[in-house]
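Laboratory data are not the source of any read-out in this text; all were calculated from the coordinates shown. Keep in mind the model is a prediction, meaning the values are calculated, not measured. Every residue, glycine as well, gets a Cβ built from its backbone with ideal geometry; the counts of neighbours run over all protein chains shown.
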Amino acid sequence: MLDRFVWFKQASYQWRGDGLMVYIDPWGVTRPDPADVIFITHAHYDHFSLEDIERIRKADTRIVAPHDIAQELSGDVLAVRPGDSIDVSGIRGEAVPAYNVSEERLEFHPRANEWVGYVLDLGGHRYYHAGDTDRLPDLAKVRADVAFLPVGGTYTMDVTEAAGLARAIRPALAVPMHYGFVAGTEVDGQRFAEEAAPIPVQLMKPENPFSQ
């Protein structure tokens, strides 16, 4: 279920479909193939990189982003809020909440910003990209074959919190992200694999080398 995905770093992914090139939070892109659709979760530099967007954007690229980011972009841009349904270039799904509830992290991803994660139907499977978030009660309702979950702590869930969310969602496969670069270390991926049991976990190797 991950064979069409490339992990660049942090929460940055490329998905290559049949005649469709999709990016989520492109940052540190090493394979700048022209994008058909770009999904952005929120405004932080490691998720919303104008430099990377311009490298992969073409005249008819469609961008899906929260309202504050959509206002900064021109072209074919769909502004979304948590709870919105999505149907873009044949990709169906929904935007889901992504924010902090832990006291020490509240200022990083406030609920009022209406930033998002995405649940997307890609190539016959359903994928959940959580964006930057804590473990929220509503996220237990997410239904996905694969869940990409931040595990680095500091700005998002840590390993233990993310493992708890994985067990609540019960995807066929959980994938740790958002570690080893800005927050968290390379070993957090393995720790997540251990703590998320019995949920199967697959570790992806980033195209960019881990920096911490």
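Structure notes:
- Within the stretch 97-115, restricting attention to residues that are farther than 20 Å from GLY152 by Cα and touching a Pro at 6+ places or on another chain (Cβ under 8 Å), the residue that is surrounded by the most Cβ atoms within 10 Å (Cβ to Cβ) is GLU114.
- Search result, residues across the stretch 87-96 that are in contact with a strand residue (DSSP E or B) (Cβ under 7 Å, 6 or more places away or on another chain) and either in a loop (DSSP other than H, G, I, E, B) or without any contact (Cβ under 8 Å) to a residue 12 or more places away in the chain (or both): SER89
- Residues located in the stretch 164-212, provided they are assigned to a loop (DSSP other than H, G, I, E, B), small (Gly, Ala, Ser), out of contact with any Phe, Trp or Tyr (no Cβ under 7 Å at 6 or more places or on another chain) and crowded, with 19+ Cβ neighbours inside 10 Å: GLY184, ALA196
- The single condition among (1) farther than 16 Å from ALA130 by Cα; (2) crowded, with 19+ Cβ neighbours inside 10 Å; (3) within 18 Å of the chain's Cα centre (by Cα) that THR61 does not satisfy is (3).
Yes or no, residue by residue, for (1) assigned to a loop (DSSP other than H, G, I, E, B); (2) of a type in the set (S, T, N, Q); (3) under 21 Å from ALA196 (Cβ atoms):
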| residue | (1), (2), (3) |
| --- | --- |
| ILE69 | no, no, no |
| PRO82 | yes, no, no |
| PHE108 | yes, no, no |
| ASP121 | no, no, no |
| ASP132 | yes, no, yes |
| ALA147 | no, no, yes |
| TYR155 | yes, no, yes |
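- Residue among TYR99, TYR128 that is of a type outside the set (A, V, I, L, M, F, W, C), under 14 Å from the mean Cα position of the chain (by Cα) and in a strand (DSSP E or B): TYR128
- Residue count for the stretch 113-128, restricted to those that are on the phi > 0 side of the Ramachandran plot and out of contact with any Lys or Arg (no Cβ under 7 Å at 6 or more places or on another chain): 1
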